[in-house]
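Heads up: the structure comes next, in structure tokens.
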Amino acid sequence: MKTKHFIARYLFRRVEDILKGEKVLSHLSFLEESKSWSRKKLDEYRVDKLSELILHAYSNVPFYRKRFEELQLRPSDIRNLNDLKYLPALSRADLRSNWNSDLRSSKHDYRFCYRGSSSGSSGDPVVYFKDKDAMSAGRAAALAGWSLAGRQLGDATIVIWGNYNTVKNEWSRFSSRAKAILNRETRIPAFKLTTSDAMNHAFNKIVNSQADFIYGYTNAIYALSLFAEREEKRKIMPFQGVLTTAETLNSVGRHAIEATFGSVYDGYGCGEILGVAFQCKAKKGYHIVEPNVIVEYEDIGLGEQKGILLTDLTNFAMPLIRYRVGDIAVPGSDECNCGCTWRTIEKIDGRTSDIIKTPKGGNLLVPSGFGLSLLKEISGITQYQMALVTNNNVIVRVVFEKHCQKLSRIKNDIKSCLEPYLNGIMDYDVQIVDHIPLGKSGKHKIVVDERVHGESIG
């Protein structure tokens, strides 16, 4: 272990654990050990953790006690991972309606729990609680997951992240600034990357950083790579890795980022359940952090693409059991030649909020459908968004590089690209715009609902 990694792990991280009353380092050591466990040992551990969680939820969380009684189930009826299917999924509506009451454990003092909120994949905010052990496990999951791509505590990292409130209220704190220095982080606010000057400043900061890794919002890093290409910025020595997260990574984005900054490794998780799955150097899928989370799949009418259900095995303050997080994935295989035995998700395909239901009862998954076709077939696109304005009409907004000419011809090219997907299914129009505003989270939203009554897209 290099000196910088040893100091970051056994001095800085240990001190932070002591100050916060957390056990991140202990959880991290456990997760690193579990990467090489046999399938039998992993499943036995997960069944034991699930049984403990189910009994706790039944005994101490009114929401789950009521569900078990309505279904005439007992905790002993959930004997293995497959038995989870007897329980209905936990929806975001359930979470919004019960976060302040029936989903709370009577065993926990919520004055000492972390309270978080997330707009998640649907844009509908939810509130959740975690005890310190769950927070520790989640932070450790992220560290263990990114280590599959080679990143260790102590590696210098460019962090491209954050909305206005995060930067103003969190990054400005002395403790946060001190942590960034000790962890060798160079921070770039993602929400500010909306002008050429801001892009140029950020790119120069990256070039001069001598960092080992880049980490942050997928679309912010993608936008920087397009800016570098457009402005013919000098190519930089590739980073050891570019760690993308929080937004769906497609093949076009991956190619552009890798051409500018180096090999990309994607990670998947959410605020409610941190550190779910991560790509390793083999990049044959996303390794699920199995000691911490159970991933199930449900049919949503899209063939091999399935809806994701998550069960957090570490959060006893507000158990999330079979949580319908709103994301779409293709299940993976059990084997990877990297040496990690955790199962994999083959591909993260987007969000259920990125699905537009057609008047004839079909589904359009925008990012992996015509969105990807747009990026591949129409050169010069830097950003796009689909706005549902009526049940039968969408507006496709597209941002182009400034040097693009003959926008009227480009508009016709876009319509030709959309024809196979939308002709006879929905009416549509194309708008060429200068800028698409970011959402409140600082992320770019692919699909927005602008119908008068704001009905749910999905």
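The values are calculated or read from the model by the stated rules, or taken from the named source; none is laboratory data. All figures in this text were calculated on a predicted structure; none of them were measured in a lab. As a convention, Cβ positions derive from the backbone with ideal geometry for all residues, glycine included, and neighbour counts pool all protein chains shown. Quick note on the areas: whole protein, heavy atoms, side chains included, nothing else; ligands and nucleic acids left out. Shrake-Rupley method; radii C 1.70, N 1.55, O 1.52, S 1.80 Å.
Odds and ends about this structure:
- Simple label model, 7 Å out from Cα along Cβ direction - ARG230 to LYS281, nm: 3.5
- Which of LYS283, LYS132 is most accessible, then next, and so on - probe 1.4 Å: LYS132, LYS283
- Oblate is the label for the stretch 324-390, because a/c, from the alpha-carbon gyration tensor with a ≥ b ≥ c as root eigenvalues, is 1.5 or above and a/b does not exceed b/c.
- Eligible aspartates and glutamates near LYS179 by straight Cα distance, threshold 17 Å, same-chain separation 8 or greater: GLU16, ASP17, GLU22, ASP155, GLU170
- Packing, taken as the mean count of other beta carbons within 10 Å per residue, orders the peptides 325-335, 18-28, 295-305 from highest to lowest as 325-335, 18-28, 295-305.
- Highest-first arrangement of 136-144, 33-41, where packing means the average Cβ count within 10 Å: 136-144, 33-41
- Fully extending the segment from GLU377 to TYR114, taken as 0.36 nm per residue of separation minus the present Cα-Cα distance, adds 90.1 nm.
- Label point distance in nm, SER333-HIS435, each placed 7 Å from Cα along Cα→Cβ: 4.7
- For the stretch 149-235, the equivalent ellipsoid derived from the alpha-carbon gyration tensor has semi-axes of 22, 17, 11 Å in decreasing order.
- Added length on full extension, which subtracts the Cα-Cα distance from 0.36 nm per residue, GLU33 to GLU450: 145.3 nm
- If you sort the three axes of the alpha carbon gyration tensor as a ≥ b ≥ c, you get a/c of 1.5 or more for the stretch 11-106 and a/b no higher than b/c, which makes it oblate.
- ARG351 long-range amide H proximity, modeled H, under 5 Å: ILE328
- Two tests apply to each whole DSSP H helix in the chain, Cα reach of 30 Å or more along its axis and mean Kyte-Doolittle hydropathy of at least -1.0, and the ones passing both are 39-60.
- The antiparallel fraction among DSSP beta bridges confined to the chain stands at about 60%.
- Per-residue [θ]222 nm for the chain (sum of -39500 (n - 2.57) over DSSP H runs n ≥ 4, rounded to 500): -9500 deg cm²/dmol
- Surface listing: TYR215, TYR128 arranged by accessible area from highest to lowest gives TYR215, TYR128, probe 1.4 Å.
- Spin-label model, ASP299 to ALA156: label points 7 Å out along the Cα-to-beta-carbon direction sit 5.4 nm apart.
- For ASP94, neighbours were defined as the other residues whose beta-carbon sits under 11 Å from its Cβ, and their charges (Lys and Arg +1, Asp and Glu -1) total +4.
- Inter-centroid distance (Cα atoms) of the stretch 319-384 relative to the stretch 245-297, Å: 12
- With q set to 0.10, 0.12, 0.14 Å⁻¹, the log10 of I(q)/I(0) for the stretch 245-391, from the Debye formula over equal scatterers at the Cα positions, is -0.39, -0.56, -0.76.
- Taking a ≥ b ≥ c as the square roots of the eigenvalues of the alpha carbon gyration tensor, the chain is oblate, as a/c is not under 1.5 and a/b does not beat b/c.
- With K and R counted +1 and D and E -1, the other residues having a Cβ less than 9 Å from that of ASN315 yield a net charge of -3.
- Computed over protein heavy atoms with a 1.4 angstrom probe, the accessible surface ordering of HIS287, HIS108, largest first, is HIS108, HIS287.
- Each 10 Å bin from 0 upward holds the following percent of the Cα-Cα pairs of the stretch 188-326: 11, 36, 29, 19, 6, 0.
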